[in-house]
């Protein structure tokens, strides 16, 4: 009994020591400075392809440089550059059963112009009121078929959000890889006997860039642990109470702040066995293209874990000192993290929103589908978050204590994976 008591005391003392280190090395004032900068009005909402995202990238590069991170192999700087084709709508006309559809009730997605006149190779998908709009949309995308989607008016708010986004920003695709075209029409039609859809567009090749830095591993340099978040957001939206800047403070300046803070933390410790990659992804909001590109540039078999951090700006539904992990049951990643937090107040929970399909809705998905134990850590109460994707997602809405405690918890919980002691089990590969 005396031996057990001594061992327990040593474990508690060890955890307390780590806690003291992490509290000192991850400073709340610095966390505040970083997230305030990323979510400031002068970043203009950090939309893809805008001066705002360029300014954000420069700030992140500066933080990496001050921390002493090295660029990824093959890169001269911290930018992981690539290009994409953006297709912007010029004109869309639609007729269903000979009746013209008003512009506000139709939008098209496609990398090339097209004309459909009741084409037999176009599948018609009716998203009735009893169906899941998001799920039907994703399934149509995955099908690889030309698709005409008829959307029930019940989904008007979701339709309008997508309509406004695609009508102004258009769609993007990797060069040489075109997505199947889609046309979405809001309305009810008893029986579709004919349709005529015409889409004209303008295409241009534009630059994008993730911002990534590494701390080489001391004893296991060919095994990688990735810490990530996306630094893009929505940019300028329709004004609400005189404000038109979607600052994206929680989504995802909070996650990007965590990545920068963790980079500084591990660089100060400088004892990582495995190579640590810290990456701020671009273009998450328009299709997770930054993480998709990153997944083609790293050998997934060498990535032992990915900590993707998305929206940690407020307390989770489980209360303070808690966060949830998407895909908790798909590997033992979460179990390892929670084990490393013994003796602390913080707890990780399984994703409480399974109907939202969050595991494949964030930047972890691109590596998870290749078998990497890549999970997203979040505290967002997404089912009741009224600030999500609005101009009200500002620094003033955040709980910096929650952000700091979550970053510290990630630092403590990741240490056995970073040290090479623990290796999470692989995630089943996604069959397409």
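For the chain, give me the percentage of DSSP beta bridges that are antiparallel, rounded to the nearest 5 percent.
Numbers: 43 of 76 bridges.
Percent antiparallel among DSSP bridges in the chain is about 55.
Restricting attention to the alpha-carbon atoms of region 131-260, what are Rg (one decimal) and Dmax (integer), both in Å?
20.0, 67
Give me 72, 398 ranked fewest to most by other Cβ atoms within 10 Å of their Cβ, as a rough exposure proxy. Can you show the working numbers first?
Working: 72 19, 398 23.
So the residues, fewest neighbours to most, are 72, 398.
Can you give me the relative contact order of region 85-205 as a percent, contacts being Cα pairs under 8 Å and 6 or more apart? Don't jump to the answer; show the numbers that get you there.
Numbers: 236 pairs, mean separation 62.8, N = 121.
About 52 percent, as a whole number.
Semi-axes of the equivalent ellipsoid of region 85-205: what are they in whole Å, largest first, if each equals the square root of 5 times a C-alpha gyration tensor eigenvalue? Walk me through the numbers on the way to the answer.
Working: eigenvalues 90, 50, 41 Å².
After diagonalising the Cα gyration tensor, the semi-axes are 21, 16, 14 Å.
If the elastic network links every pair of Cα atoms under 10 Å, which of 277, 96, 377 fluctuates the most in the Gaussian network model of the chain?
With Cα springs under 10 Å in the chain, the top fluctuation among 277, 96, 377 is at 96.
I'd like the distance separating the alpha-carbon centroids of region 323-400 and region 219-278, in whole Å.
Value for the Cα centre distance between the two parts: 14 Å.
DSSP beta bridges in region 42-172, what fraction antiparallel, as a percent rounded to 5?
40 percent
Give the average over all directions of the projected area of the C-alpha convex hull of the chain, one decimal, in nm². Could the numbers behind the result be given before it?
On the way: hull surface 88.2 nm².
Here the figure is 22.1 nm², rounded to one decimal.
Since every read-out is calculated from the coordinates, none of them should be taken as a lab result. Computed from a predicted structure; not experimentally measured. Note that each Cβ is placed from the backbone with ideal geometry, even for glycine, and that neighbours are counted across all protein chains shown.
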